[in-house]
1. Would you say LEU15 is surrounded by fewer than 18 Cβ atoms within 10 Å (Cβ to Cβ) and either in contact with a His (Cβ under 9 Å, 6 or more places away or on another chain) or among the hydrophobic types (A, V, I, L, M, F, W, C) (or both)?
2. Identify the residue in segment 12-61 that is farther than 26 Å from SER123 by Cβ and in a strand (DSSP E or B) and, among all such residues, is farthest from the ligand (Cβ to nearest atom).
3. How many residues are farther than 24 Å from GLU92 by Cβ and open to solvent by 30 Å² or more (accessible area, probe 1.4 Å) when one looks only at segment 155-207?
4. Would you point out the residue of segment 230-242, among those that are open to solvent by 20 Å² or more (accessible area, probe 1.4 Å) and out of contact with any helix residue (DSSP H, G or I) (no Cβ under 6 Å at 6 or more places or on another chain), that is nearest to the ligand (Cβ to nearest atom)?
5. Among the residues in segment 117-131, are any touching a strand residue (DSSP E or B) at 6+ places or on another chain (Cβ under 8 Å), closer than 20 Å to GLU25 by Cβ, surrounded by 19 or more Cβ atoms within 10 Å (Cβ to Cβ) and not hydrophobic (A, V, I, L, M, F, W, C)?
6. Just to verify a result, which residue in segment 211-227, among those that are buried (at least 19 other Cβ atoms within 10 Å of the Cβ) and in contact (Cβ under 8 Å) with a residue 60 or more places away in the chain, is farthest from the ligand (Cβ to nearest atom)?
7. Is it true that some residue in segment 68-79 is within 16 Å of the ligand (Cβ to nearest atom), of a type in the set (Asp, Glu) and in contact (Cβ under 8 Å) with a residue 40 or more places away in the chain?
Amino acid sequence: MRAAARALRGARRVLVATGAGMSRESGIPTFRDALTGLWARYDPEELATEAAFRRNPARVFGWYAWRRRLVRAAEPHPGYHALVALERLVPELVIVTQNVDGLHRRVGSRRVLELHGSLERFSCVDARHPFPADAVPEPAADAACEPPRCPRCGSAVRPDVVWFGEMLPERVTAEAWDLAAACQAMLVVGTSGLVQPAAQLPYIARDTGATVIEVNPDPTEVSAAAHIVCSGPAGAMLPALVAALTEGEST
Ligand code: OAD
(Lines give C-alpha, C1' and ligand atoms only; values in the text may rest on other atoms or scores of the structure.)
Protein backbone atom coordinates (compact mmCIF):
# COMPACT_ATOMS: atom_id res chain seq x y z
CA MET A 1 0.00 0.00 0.00
CA ARG A 2 2.86 2.39 0.85
CA ALA A 3 4.55 1.61 -2.45
CA ALA A 4 1.30 2.38 -4.27
CA ALA A 5 0.94 5.65 -2.34
CA ARG A 6 4.53 6.61 -3.23
CA ALA A 7 3.86 5.95 -6.91
CA LEU A 8 0.73 8.12 -6.81
CA ARG A 9 2.48 10.88 -4.88
CA GLY A 10 5.12 11.13 -7.61
CA ALA A 11 2.60 11.24 -10.45
CA ARG A 12 1.45 14.45 -12.17
CA ARG A 13 -1.21 12.56 -14.17
CA VAL A 14 -3.07 9.51 -12.82
CA LEU A 15 -5.38 7.29 -14.89
CA VAL A 16 -7.86 5.03 -13.08
CA ALA A 17 -9.27 2.15 -15.14
CA THR A 18 -12.29 0.45 -13.59
CA GLY A 19 -14.37 -2.63 -14.38
CA ALA A 20 -17.39 -4.43 -12.98
CA GLY A 21 -15.56 -5.38 -9.78
CA MET A 22 -15.60 -1.68 -8.83
CA SER A 23 -19.41 -1.88 -8.50
CA ARG A 24 -19.60 -5.29 -6.83
CA GLU A 25 -19.77 -3.94 -3.26
CA SER A 26 -22.60 -1.63 -4.35
CA GLY A 27 -24.65 -4.74 -5.13
CA ILE A 28 -24.20 -4.73 -8.91
CA PRO A 29 -23.16 -8.15 -10.24
CA THR A 30 -19.96 -8.48 -12.25
CA PHE A 31 -19.95 -10.38 -15.53
CA ARG A 32 -17.61 -13.28 -14.94
CA ASP A 33 -17.74 -14.09 -11.25
CA ALA A 34 -18.35 -17.83 -11.33
CA LEU A 35 -21.87 -18.07 -9.90
CA THR A 36 -23.09 -14.53 -9.43
CA GLY A 37 -21.70 -13.08 -12.68
CA LEU A 38 -24.22 -11.97 -15.31
CA TRP A 39 -22.58 -14.13 -17.95
CA ALA A 40 -22.90 -17.14 -15.64
CA ARG A 41 -26.66 -16.60 -15.52
CA TYR A 42 -27.39 -15.14 -18.95
CA ASP A 43 -26.14 -15.86 -22.45
CA PRO A 44 -24.36 -12.76 -23.82
CA GLU A 45 -25.18 -13.94 -27.35
CA GLU A 46 -28.88 -13.67 -26.42
CA LEU A 47 -28.63 -10.28 -24.71
CA ALA A 48 -25.58 -8.22 -25.69
CA THR A 49 -25.46 -8.18 -29.49
CA GLU A 50 -27.35 -6.15 -32.10
CA ALA A 51 -28.49 -9.39 -33.73
CA ALA A 52 -30.04 -10.53 -30.42
CA PHE A 53 -31.82 -7.18 -30.09
CA ARG A 54 -33.23 -7.40 -33.62
CA ARG A 55 -34.27 -11.02 -33.00
CA ASN A 56 -36.03 -10.29 -29.70
CA PRO A 57 -36.12 -6.54 -28.90
CA ALA A 58 -38.53 -6.93 -25.96
CA ARG A 59 -36.32 -9.54 -24.23
CA VAL A 60 -33.13 -7.52 -24.61
CA PHE A 61 -34.73 -4.17 -23.81
CA GLY A 62 -36.38 -5.62 -20.69
CA TRP A 63 -33.07 -7.01 -19.45
CA TYR A 64 -31.26 -3.67 -19.77
CA ALA A 65 -34.16 -1.80 -18.19
CA TRP A 66 -33.97 -4.25 -15.27
CA ARG A 67 -30.21 -3.63 -14.93
CA ARG A 68 -30.90 0.10 -14.99
CA ARG A 69 -33.28 -0.29 -12.04
CA LEU A 70 -30.64 -2.29 -10.14
CA VAL A 71 -28.11 0.45 -10.75
CA ARG A 72 -30.49 3.21 -9.72
CA ALA A 73 -31.10 1.45 -6.41
CA ALA A 74 -27.35 1.06 -5.78
CA GLU A 75 -25.27 3.36 -3.54
CA PRO A 76 -21.65 4.15 -4.43
CA HIS A 77 -19.46 2.44 -1.76
CA PRO A 78 -16.48 4.06 0.06
CA GLY A 79 -14.17 3.12 -2.83
CA TYR A 80 -16.05 5.54 -5.07
CA HIS A 81 -15.72 8.32 -2.52
CA ALA A 82 -12.01 7.55 -2.17
CA LEU A 83 -11.53 8.19 -5.90
CA VAL A 84 -13.23 11.58 -5.50
CA ALA A 85 -10.83 12.33 -2.63
CA LEU A 86 -7.87 11.14 -4.71
CA GLU A 87 -8.87 13.64 -7.41
CA ARG A 88 -8.03 16.41 -4.92
CA LEU A 89 -4.69 14.85 -3.94
CA VAL A 90 -3.07 14.52 -7.37
CA PRO A 91 -2.63 17.26 -10.01
CA GLU A 92 -4.67 15.41 -12.66
CA LEU A 93 -6.88 12.32 -12.42
CA VAL A 94 -9.07 10.76 -15.11
CA ILE A 95 -11.30 7.69 -14.74
CA VAL A 96 -11.73 5.41 -17.77
CA THR A 97 -14.42 2.84 -17.08
CA GLN A 98 -15.86 -0.21 -18.82
CA ASN A 99 -18.89 0.11 -16.55
CA VAL A 100 -22.21 1.39 -17.90
CA ASP A 101 -23.73 2.06 -14.45
CA GLY A 102 -22.80 5.75 -14.14
CA LEU A 103 -21.74 5.40 -10.48
CA HIS A 104 -18.49 7.36 -10.92
CA ARG A 105 -20.42 10.33 -12.24
CA ARG A 106 -23.13 9.97 -9.64
CA VAL A 107 -20.62 10.16 -6.77
CA GLY A 108 -19.09 13.31 -8.27
CA SER A 109 -15.93 12.19 -10.08
CA ARG A 110 -15.22 15.00 -12.52
CA ARG A 111 -13.45 13.41 -15.49
CA VAL A 112 -15.02 10.07 -16.45
CA LEU A 113 -14.60 8.34 -19.82
CA GLU A 114 -17.23 5.64 -20.43
CA LEU A 115 -15.68 3.19 -22.90
CA HIS A 116 -18.72 0.90 -23.09
CA GLY A 117 -21.42 3.58 -23.01
CA SER A 118 -24.13 4.08 -20.42
CA LEU A 119 -27.42 2.53 -19.27
CA GLU A 120 -28.70 6.09 -18.86
CA ARG A 121 -28.55 7.00 -22.57
CA PHE A 122 -30.71 5.72 -25.45
CA SER A 123 -30.86 5.93 -29.24
CA CYS A 124 -32.61 4.11 -32.08
CA VAL A 125 -31.06 0.97 -33.52
CA ASP A 126 -31.12 2.00 -37.20
CA ALA A 127 -29.78 5.58 -37.17
CA ARG A 128 -28.75 6.09 -33.49
CA HIS A 129 -31.01 9.14 -33.19
CA PRO A 130 -30.83 10.13 -29.49
CA PHE A 131 -33.96 9.24 -27.45
CA PRO A 132 -34.89 10.91 -24.13
CA ALA A 133 -34.14 8.64 -21.16
CA ASP A 134 -37.16 9.93 -19.22
CA ALA A 135 -39.47 8.60 -21.96
CA VAL A 136 -38.20 5.04 -21.52
CA PRO A 137 -40.42 2.49 -19.68
CA GLU A 138 -39.08 0.91 -16.46
CA PRO A 139 -40.40 -2.63 -15.97
CA ALA A 140 -40.23 -3.94 -12.38
CA ALA A 141 -38.64 -7.32 -12.98
CA ASP A 142 -36.29 -8.82 -15.51
CA ALA A 143 -39.13 -9.33 -17.97
CA ALA A 144 -39.75 -8.68 -21.64
CA CYS A 145 -40.54 -5.02 -22.28
CA GLU A 146 -41.35 -3.61 -25.71
CA PRO A 147 -38.86 -0.83 -26.56
CA PRO A 148 -40.26 2.55 -27.63
CA ARG A 149 -39.99 3.58 -31.28
CA CYS A 150 -37.88 6.40 -32.67
CA PRO A 151 -40.16 9.34 -33.61
CA ARG A 152 -37.82 10.15 -36.55
CA CYS A 153 -37.24 6.77 -38.25
CA GLY A 154 -39.58 4.40 -36.44
CA SER A 155 -36.87 1.89 -35.50
CA ALA A 156 -36.66 0.38 -32.01
CA VAL A 157 -34.88 2.29 -29.24
CA ARG A 158 -31.88 0.60 -27.62
CA PRO A 159 -29.60 1.46 -24.68
CA ASP A 160 -26.40 3.34 -25.62
CA VAL A 161 -24.11 0.56 -24.43
CA VAL A 162 -21.44 -1.13 -26.54
CA TRP A 163 -22.54 -4.61 -27.58
CA PHE A 164 -20.23 -7.44 -28.59
CA GLY A 165 -18.93 -6.89 -32.11
CA GLU A 166 -19.52 -3.13 -31.93
CA MET A 167 -16.93 -0.36 -32.06
CA LEU A 168 -16.16 1.65 -28.95
CA PRO A 169 -17.08 5.36 -29.04
CA GLU A 170 -14.33 7.00 -31.12
CA ARG A 171 -13.58 10.23 -29.23
CA VAL A 172 -13.66 8.63 -25.78
CA THR A 173 -11.41 5.79 -26.94
CA ALA A 174 -8.85 8.09 -28.53
CA GLU A 175 -8.69 10.17 -25.34
CA ALA A 176 -8.29 7.06 -23.16
CA TRP A 177 -5.44 5.73 -25.29
CA ASP A 178 -3.66 9.10 -25.22
CA LEU A 179 -4.02 9.32 -21.45
CA ALA A 180 -2.72 5.77 -20.95
CA ALA A 181 0.41 6.70 -22.91
CA ALA A 182 0.84 9.96 -20.99
CA CYS A 183 0.14 9.03 -17.36
CA GLN A 184 2.80 8.45 -14.68
CA ALA A 185 0.63 6.11 -12.65
CA MET A 186 -2.32 3.89 -13.49
CA LEU A 187 -4.73 2.29 -11.03
CA VAL A 188 -6.53 -0.76 -12.46
CA VAL A 189 -9.57 -1.61 -10.32
CA GLY A 190 -11.94 -4.54 -10.61
CA THR A 191 -11.45 -5.76 -14.14
CA SER A 192 -10.60 -9.30 -15.30
CA GLY A 193 -8.70 -7.79 -18.25
CA LEU A 194 -10.40 -10.26 -20.59
CA VAL A 195 -12.23 -7.82 -22.86
CA GLN A 196 -10.46 -6.05 -25.71
CA PRO A 197 -9.58 -3.39 -26.50
CA ALA A 198 -9.93 -1.98 -22.95
CA ALA A 199 -7.58 -4.69 -21.66
CA GLN A 200 -4.70 -3.09 -23.58
CA LEU A 201 -4.69 0.11 -21.51
CA PRO A 202 -2.54 -1.15 -18.58
CA TYR A 203 0.03 -2.48 -21.03
CA ILE A 204 0.16 0.83 -22.93
CA ALA A 205 0.70 2.65 -19.64
CA ARG A 206 3.40 0.21 -18.55
CA ASP A 207 5.18 0.34 -21.91
CA THR A 208 5.30 4.15 -21.75
CA GLY A 209 6.88 4.20 -18.30
CA ALA A 210 3.92 4.49 -15.92
CA THR A 211 3.65 2.58 -12.64
CA VAL A 212 0.69 0.17 -12.88
CA ILE A 213 -1.15 -0.61 -9.64
CA GLU A 214 -3.82 -3.33 -9.64
CA VAL A 215 -6.65 -3.46 -7.08
CA ASN A 216 -8.49 -6.80 -7.22
CA PRO A 217 -9.13 -9.63 -4.75
CA ASP A 218 -8.07 -12.16 -7.41
CA PRO A 219 -5.23 -12.42 -9.93
CA THR A 220 -6.24 -11.37 -13.46
CA GLU A 221 -4.92 -10.98 -17.02
CA VAL A 222 -3.74 -7.52 -15.95
CA SER A 223 -1.64 -8.76 -13.01
CA ALA A 224 1.29 -9.42 -15.35
CA ALA A 225 1.38 -5.73 -16.30
CA ALA A 226 1.15 -4.54 -12.70
CA HIS A 227 4.19 -3.32 -10.75
CA ILE A 228 2.15 -3.28 -7.54
CA VAL A 229 -0.83 -5.50 -6.66
CA CYS A 230 -3.19 -4.49 -3.82
CA SER A 231 -5.02 -7.75 -3.30
CA GLY A 232 -8.46 -6.99 -1.89
CA PRO A 233 -11.86 -5.39 -2.58
CA ALA A 234 -12.07 -1.86 -4.00
CA GLY A 235 -14.29 -0.71 -1.14
CA ALA A 236 -11.47 -1.34 1.35
CA MET A 237 -8.33 -0.92 -0.77
CA LEU A 238 -9.08 2.49 -2.27
CA PRO A 239 -9.85 4.27 1.05
CA ALA A 240 -6.70 2.63 2.52
CA LEU A 241 -4.69 3.93 -0.44
CA VAL A 242 -5.96 7.48 0.07
CA ALA A 243 -5.21 7.21 3.80
CA ALA A 244 -1.65 6.05 3.04
CA LEU A 245 -1.29 8.93 0.59
CA THR A 246 -2.49 11.60 3.05
CA GLU A 247 -0.56 10.01 5.96
CA GLY A 248 2.60 10.08 3.84
CA GLU A 249 2.00 13.77 3.09
CA SER A 250 1.67 14.71 6.79
CA THR A 251 4.86 12.85 7.98
P1 OAD B 1 -15.52 -9.13 -15.13
O2 OAD B 1 -16.76 -9.65 -14.54
O3 OAD B 1 -14.90 -9.84 -16.28
O4 OAD B 1 -14.38 -9.06 -14.00
C5 OAD B 1 -14.66 -8.52 -12.74
C6 OAD B 1 -13.36 -8.46 -11.94
O7 OAD B 1 -13.63 -7.80 -10.72
C8 OAD B 1 -12.76 -9.82 -11.58
O9 OAD B 1 -11.36 -9.78 -11.87
C10 OAD B 1 -12.99 -9.95 -10.08
O11 OAD B 1 -11.93 -10.64 -9.45
C12 OAD B 1 -12.99 -8.49 -9.66
N13 OAD B 1 -13.71 -8.18 -8.44
C14 OAD B 1 -14.78 -8.83 -7.90
N15 OAD B 1 -15.18 -8.20 -6.75
C16 OAD B 1 -14.34 -7.14 -6.58
C17 OAD B 1 -14.22 -6.09 -5.60
N18 OAD B 1 -15.06 -6.03 -4.56
N19 OAD B 1 -13.26 -5.15 -5.75
C20 OAD B 1 -12.39 -5.21 -6.80
N21 OAD B 1 -12.45 -6.16 -7.78
C22 OAD B 1 -13.41 -7.11 -7.66
O23 OAD B 1 -15.79 -7.60 -15.48
P24 OAD B 1 -15.02 -6.61 -16.47
O25 OAD B 1 -13.56 -6.90 -16.52
O26 OAD B 1 -15.41 -5.24 -16.13
O27 OAD B 1 -18.54 -5.53 -21.71
O28 OAD B 1 -15.70 -7.02 -17.88
C29 OAD B 1 -15.37 -6.31 -18.99
C30 OAD B 1 -16.53 -6.23 -19.94
O31 OAD B 1 -17.05 -7.56 -20.18
C32 OAD B 1 -17.72 -5.45 -19.49
O33 OAD B 1 -17.60 -4.08 -19.62
C34 OAD B 1 -18.82 -6.00 -20.40
C35 OAD B 1 -18.50 -7.48 -20.24
O36 OAD B 1 -18.93 -8.25 -21.27
C37 OAD B 1 -19.49 -5.45 -22.63
O38 OAD B 1 -20.59 -5.84 -22.43
C39 OAD B 1 -19.05 -4.85 -23.91
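The values are calculated or read from the model by the stated rules, or taken from the named source; none is laboratory data. These numbers were taken from a predicted model, which means no experiment stands behind them. Counting neighbours? That spans all protein chains shown, and the Cβs are built from the backbone with ideal geometry, glycine included. Ligands, DNA and RNA are stripped out before the accessible areas are found, and what is left, the full protein with its side chains, is counted by its heavy atoms. Shrake-Rupley method; radii C 1.70, N 1.55, O 1.52, S 1.80 Å.
1. No, not satisfied.
2. ARG13
3. Summing the residues that are farther than 24 Å from GLU92 by Cβ and open to solvent by 30 Å² or more (accessible area, probe 1.4 Å) in segment 155-207 gives 10.
4. Going through the qualifying residues, I end up with PRO233.
5. No, segment 117-131 has no match at all.
6. My answer is THR211.
7. yes
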